[in-house]
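The values are calculated or read from the model by the stated rules, or taken from the named source; none is laboratory data. Everything numeric in this text was worked out from a predicted model, so none of it was measured. We place every Cβ from the backbone using ideal geometry, glycine too, and count neighbours over all the protein chains shown. Just so you know, the surface numbers come from the protein's heavy atoms only, side chains and all, with ligands and any DNA or RNA stripped out. Shrake-Rupley method; radii C 1.70, N 1.55, O 1.52, S 1.80 Å.
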Amino acid sequence: MNKIDKPHLNDDLETWLRRSTRDRVGRDFLFEKIDPARSAILNVDMQHYFITPGFQAACPMAFDIIPALNAFNRAFRDLGGLCVWIQTSADDWAVENWSNYAALQSGERWDRRSTELGEDHEGYGLHPDLDTRQDDLFITKTRFSAFIHGSSDLDRELKQRGIDTILVTGVATGVCCESTARDAMMMNYKVVMVSDALAAMSLESHENSLKALYGLFTDVQTSDQVLTHAQASRAVIG
């Protein structure tokens with residue numbers, strides 16, 4: 001297996017995770033069995049609005065993870081896993097009854113968000129460098145979490161496919177990715193944050209989010225580690 005480049009993985013985080021996991025469960029990973037046939041990658045918000053310079057919420061780190069994220073999706077598809085692309089919408093129907101979020105921003109910022117994340121705007125679209133496929137699943141959400149009631153039909157789509165494990169990638173680690181991961185765990189999914197395929201506005205916020213989620217809500221693994229476990233599980237299942 002070719003190793004996937006890790007554009008912002010801090011060795012100190014990896015050391016902390018492995019030591020913590022050994023202390024917690026006596027092994028290197030919380031989830032060592034990852035059945036690709038029952039697992040899905042949730043690629044969260046890899047849209048122009050969150051990636052491309054010039055858009056209001058552009059995160060430079062998000063562009064840097066595209067090669068690793070693409071390689072991970074390709075390898076996981078080859079193992080029989082499901083790839084899901086989740087996009088945030090700010091159309092009028094999507095932000096209805098969310099006045100508290102609007103109140104946290106200036107009117108100018110809220111109007112710009114509504115425009116640039118409108119489904120007829122370039123900002124809503126997935127970045128063109130992403131390796132999406134026709135057989136992937138495409139989901140629109142209206143809140144930070146894709147699982148919170150009324151945000152999307154993701155839970156129904158995954159349950160129809162027998163998915164019990166989700167692998168979270170995308171942007172931003174501590175916002176939509178973390179919100180989705182927390183809700184998924186409480187809806188009885190096994191959740192892994194894929195550390196080198198996630199992005200935040202800073203390395204510090206990225207790592208703080210992963211440490212906050214680890215253990216109580218999710219495991220944290222690199223894309224290579226996930227693929228190693230998925231390959232081994234698939235070999236055992238046959």
field: All helices (runs of 4 or more DSSP H) inside the stretch 28-121 with 2 or more residues being under 21 Å from VAL171 (Cβ atoms)
entry: 48-51, 60-64, 66-78, 92-95, 107-116
query: What do you reckon, is ALA75 over 16 Å from the mean Cα position of the chain (by Cα), closer than 21 Å to SER202 by Cα and among the aliphatic types (A, V, I, L, M)?
result: no
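I need the full set of residues from the stretch 111-122 which are open to solvent by 40 Å² or more (accessible area, probe 1.4 Å) and in contact with a helix residue (DSSP H, G or I) (Cβ under 7 Å, 6 or more places away or on another chain), in order please. Walk me through how you get there before you give the answer.
Quick first cut of the stretch 111-122, residues open to solvent by 40 Å² or more (accessible area, probe 1.4 Å) only: 111-112, 115, 119-122.
Result: HIS121, GLU122.
What are the residues in the stretch 54-82 that are of a type in the set (Gly, Ala, Ser) and over 20 Å from SER233 (Cβ atoms), if any? Break it down stepwise before answering.
To start, the set of residues in the stretch 54-82 that are of a type in the set (Gly, Ala, Ser) comprises 54, 57-58, 62, 68, 71, 75, 80-81.
Passing the criteria: GLY54, ALA57, ALA58, ALA62, ALA68.
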field: Residue list for the stretch 74-87, filter: touching a residue at least 60 places away in the same chain (Cβ under 8 Å) and not aliphatic (A, V, I, L, M)
entry: PHE76, GLY80, GLY81
statement: Exactly one of ARG161, ARG182 is modelled with pLDDT of 95 or more and more than 25 Å from GLU96 (Cβ to Cβ), and that residue is ARG161
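Hey, can you tell me all the residues within the stretch 41-56 that are out of contact with any strand residue (DSSP E or B) (no Cβ under 6 Å at 6 or more places or on another chain) and under 14 Å from GLY118 (Cβ atoms)?
The initial filter retains those residues of the stretch 41-56 that are out of contact with any strand residue (DSSP E or B) (no Cβ under 6 Å at 6 or more places or on another chain), namely 48-49, 51-56.
Scanning the stretch 41-56 gives HIS48, TYR49, PHE55, GLN56.
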query: In the stretch 43-67, what residues are over 19 Å from TRP110 (Cα atoms) and buried (at least 24 other Cβ atoms within 10 Å of the Cβ)?
result: ASN43, VAL44, MET46, ALA62, ILE65
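Among ALA102, ALA90, which is farther than 29 Å from LYS190 by Cβ, in contact (Cβ under 8 Å) with a residue 24 or more places away in the chain and open to solvent by less than 50 Å² (accessible area, probe 1.4 Å)?
Working: ALA102 fails: in contact (Cβ under 8 Å) with a residue 24 or more places away in the chain.
Only one candidate passes the filter, namely ALA90.
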message: If I filter the stretch 123-169 down to residues being among the small types (Gly, Ala, Ser) and in contact (Cβ under 8 Å) with a residue 40 or more places away in the chain, which single residue comes out as surrounded by the most Cβ atoms within 10 Å (Cβ to Cβ)?
response: ALA146
query: Does ALA230 satisfy being over 20 Å from PRO36 (Cα atoms), open to solvent by less than 10 Å² (accessible area, probe 1.4 Å), touching a Ser or Thr at 6+ places or on another chain (Cβ under 8 Å) and hydrophobic (A, V, I, L, M, F, W, C)?
result: no
